[in-house]
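Down below is the structure, laid out as structure tokens.
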Amino acid sequence: MMEKTHSPRTVVIAQWQAIEAFHQALTTPATDLIAPTARHEDVVPLLPGADVIVTGTFTRAMANAADSLRLIQTPGAGVNGIDFAALSKQTTVCNVYGHERGIAEYIFTTMAMLNRDYLGMDRRLRAGDWRDHLGMPLPELQGKTIVIVGLGRIGAETARWARFMEMNVIGVARNPAPGSARTSGIDRIAGIESLRSVLPEADFVALSVPLTPETTGLIGPDELAAMKPNAYLINVARGEVVDEAALYTALRDRTIAGAAIDTWYRYPVDDQPTPPSAYPFHELSNVVMTPHIAGATENTFFYRWATINENLRRLWDGEPLRNPVIRPE
């Protein structure tokens with residue numbers, strides 16, 4: 001049982017996802033302070049005396065200013081923006097989920113787009129190049145093999161969709177339990193150390209691992225070279241899970257057939273136009289590019305707002321919090 005938090009109760013909102021709608025959705029009795037951006041100069045002055053901050057980024061400078069912070073509530077699942085080493089022992093970090101169905105829908109939407117070359121069809125029709133109204137028979141997802149790297153909530157939901165589509169499903173996990181493939185309905189689960197050996201079997205590789213020191217650069221030149229030349233990569237994890245230069249080169253040289261990329265290497269600051277990479281992915285015709293929106297669905301937001309509200313209520317009432325994150329050692 002946590003100790004009850006008494007008035008005044010202050011929540012600092014410094015998150016980037018639909019901030020006004022989120023603020024309106026808050027129902028807990030608290031003083032809400034909205035930071036116009038997540039930059040230090042906008043957030044740090046609001047932190048003295050605050051009980052909670054809702055944010056995906058928390059730095060040492062913020063920690064130094066937060067003298068009574070009880071909860072860092074992230075607006076999403078990822079916690080790679082939190083400096084855990086800077087936190088006091090009284091501060092708990094919690095995350096939220098609810099995005100797995102929307103992201104699985106994104107994965108299958110982009111797989112179909114790539115598998116049937118809808119991008120190429122669209123370009124040719126826009127250019128007035130329509131020659132054969134039937135064309136070649138189009139491939140289906142049924143019978144294809146998907147390798148899902150990371151079997152958390154997103155990976156498990158993706159596997160469920162893949163089974164419905166009658167695909168062959170290979171999972172890759174850090175510590176697969178004996179018999180876990182049978183209980184999850186996945187055809188086979190390999191350890192992360194066996195990733196390179198299963199990649200040649202894949203028609204599609206879906207990445208859904210968190211960004212950690214172990215997963216940074218998980219997909220590099222050797223892994224991309226191990227994939228079939230007609231295979232596709234779908235990244236809904238974090239950009240840095242895939243080596244940036246190696247991915248661009250593999251797509252440019254058609255080492256792999258194509259990719260859908262939702263998570264990137266550069267992100268906007270202060271809503272300024274920002275290229276997502278140092279490499280010209282936008283010049284490649286075999287890439288679906290989206291701005292980190294795979295899980296940004298209405299249902300995801302409603303679920304997350306409800307969960308954050310529930311966690312704030314639990315904090316005020318001294319109850320155990322939902323989704324506490326274990327601090328890295």
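Observations, loosely collected:
- Paired Rg and Dmax values of the chain, which use every Cα atom, in angstrom: 21.7, 72
- Choice from Lys89, Lys144, Lys228 showing the highest fluctuation, given a GNM over the chain with Cα pairs closer than 10 Å: Lys89
- The dipole here belongs to region 100-289: it is taken about the Cα centre, uses +1 on the Cβ of Lys and Arg and -1 on the Cβ of Asp and Glu, and is about 400 debye.
- Separation of region 201-248 from region 57-91 is 29 Å, based on Cα centroids.
- For the chain, built as a Gaussian network whose Cα springs stay under 10 Å, the top-fluctuating residue of Glu244, Glu310, Glu41: Glu41
- Amide H contacts under 5 Å for Leu233, placed H, 5+ residues apart: Val205, Gly258, Ala259, Ala260
- With contacts taken as Cα pairs under 8 Å at a separation of at least 6 residues, the chain carries a relative contact order of 18 percent.
- A DSSP coil position with no more than 13 other Cβ atoms inside 10 Å describes the following trypsin sites (Lys or Arg not before Pro) in region 176-281: Arg254, Arg266.
- Acute angle (nearest 10 degrees) that the helix 298-317 long axis makes with the longest principal axis of the chain, alpha-carbon atoms: 30 degrees
- For the chain, modelled as a GNM whose springs connect Cα atoms under 10 angstrom apart, the maximal fluctuation among Glu193, Glu201, Glu157 occurs at Glu193.
- Applying both filters, DSSP loop and at most 13 other Cβ atoms within 10 Å, to the GluC sites (Glu not before Pro) of region 58-144 gives Glu140.
- Relative contact order for region 153-287, counting Cα pairs under 8 Å that sit 6 or more residues apart, in percent: 17 percent
- Whether region 100-289 is rounded, prolate or oblate, judged on the alpha carbon gyration tensor where a/c under 1.5 counts as rounded: oblate
- Structure-based [θ]222 nm, the chain - -39500 (n - 2.57) summed over DSSP H runs of at least 4, per residue, nearest 500: -8500 deg cm²/dmol
Only the coordinates and a few stated rules stand behind these numbers; no lab work does. Since this is a predicted model, take the numbers as computed values, not measurements. No Cβ is skipped: glycine too gets one built from the backbone with ideal geometry, and neighbour counts run over all protein chains shown.
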